[in-house]
Each structure stands twice: as C-alpha cells, then as structure tokens.
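Single-structure report; data block below.
What follows is calculated from the coordinates using simple rules that are stated; it is not laboratory data. Quantities reported herein were computed from a predicted structural model and do not represent experimental measurements. Here Cβ is always computed from backbone atoms with ideal geometry, including for glycine, and neighbour counts include all displayed protein chains.
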Amino acid sequence: MSHQDPIAERSAVLCEQFNKDPSLILDLAISFGGQNKSLVSAQITEVSQSGFLLSTKDVNGRQFQTKVTSSRSLHSIAQVHDMFATLTTKSSQSTRKIQKVPGQPPGWRVYWPNWTPFLVGLAAGTSSFFYIYFFPETKIPIFQWTLHKVGMPIIRSCVHFAIGLHSFQTLTAWHLMRRVSAYRFTIPQRLAWTGCVQFFGIGSMLKLLPIVYNSAYAHALNQQQLQEELEEHMGAKITLLDDERTEE
C-alpha cells in the first residue's frame, strides 16, 4: 500500500521529527480528546495522506490510539508539515486557554465560602460541639448549658459524623479536581481546596463545584472554536477518532 501513499513511505522519518517535542503532541491529544483529559503522554506513531495516528497513555497507565484525520488528502511533505504546525500551534493555544477557566482566579479569596446565615449557624454549632468534645470540663456558661441540654453522647456522635462527612467531602473534592475537571489544578490549588473543604466542608464545596463543571463547558466551547479555526485555516475538517483501548 506504500506505493499508493507517498506520505506513508516517509512515515518513520516524519514521526521522528514530530516527536522531538513530546509536549506538543500531548497538547494535540488533549485538545482534541476532551474526554481523555487525564492523558500524561502521547506520540505520533504513523503519518499518512489521511493524517496522523497517535499512541496515548493516561494517568492509570491505560494505552489507546487516536487518529487525527483530514477530509482533504495530503499529497506532499510540505502539506504534512503545514498541517502539523497548524494543529500543534492551535492545540497549544487551546490548552493554555483551558488553564484560565473563569471561576478560579489567582488569590485566596476564591477558596473561602460565601457566608450565608445558614453556613454561619452551621459553623458556629459545629465548632461549639468540637470545643465541648475536647474540653468537656469547660466553665464557659454557654457551653455548659449546651452540654447539659444536648448531652455528651449526642455531641460525640455529631462530632464523629462531622469528621466523617468532611473526610468524604475532601475525597470528593480530590476526585472532582483530578477526574472531572477539564483542566488540571496545580498542586497549590489542590492543597488550598483540600484544606478549605476539610475545614469548612459544604461551604467550600459549593465554591468548588461550579468551578469544576464550568471548566467542562469552557473546554467544550474551546474545542468547538478550535475545530472551526482549523477548518477555516486549512480548508479541511479535522476529526478525532478513538480506537479500541488496550490495557497496559
């Protein structure tokens, strides 16, 4: 089949050239494969007149192939290089845009809960129970009255429930940041959200949830714009096809 595809005859050489910068190939795979946002590596394994074949790997070590194809057949090496340059430039721009999703601006104010009367009351009540739990011999009148009215068994149960609930919310926050979000949270951002969710619970979770799910919307919109720009620039529609995944 190679005599019918002059580009495929140079596939090995072209792959070696294109794979010299792995970050470009990874940006390309991430930009077009929005559902595979946990990718950690990618390389081009085949070049032909129809486009590029990529081998990618996600954070769990799963390997699978994706193919970027053009409806316009490529007839020269120059066209291949032009297509590669356009794809990688646009996809790199796309990836950088995703990192600036509205809702996660720089600074610390974004992490703090919006203190509604309900959250203020919940925080005050929970803090009181924790104080009484650790200092049952307290002489503060309001805490003595609370202990007398509620009783230590109920206070102990509420404290244990709060610890379990906050731990569950912290694990959920990590899952949202690593698996659901369409862009990667930095390590400082993860640590900040973890601390706030662990301490404030539902108050910080209500701030994190829209950030995560808005990122998915922003990614889809960004990907659509990327497709339109490529179609306009190259006179061809670029599509990504996922092949059967294979476990490593």
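Couplings 3J(HN,Hα) of region 149-164, computed from phi: 6, 8, x, 4, x, 5, 4, 4, 5, 5, 5, 5, 5, 5, 4, x Hz, in residue order, whole Hz [Karplus 6.51 cos²θ - 1.76 cosθ + 1.60, θ = phi - 60°; x for Gly and Pro].
Kindly state, to the nearest 0.05, the FRET efficiency for R72 paired with S38, given R0 = 35 Å and r defined as their beta-carbon distance. About 0.65, to the nearest 0.05. Remark: spin-label model distance N19-L119 equals 4.9 nm, labels positioned 7 Å along the Cα→Cβ axis. Distant-in-sequence amide contacts of T45, defined by a placed amide H-H separation under 5 Å and a gap of 5 or more residues or a different chain, comprise L53, L54, S55.
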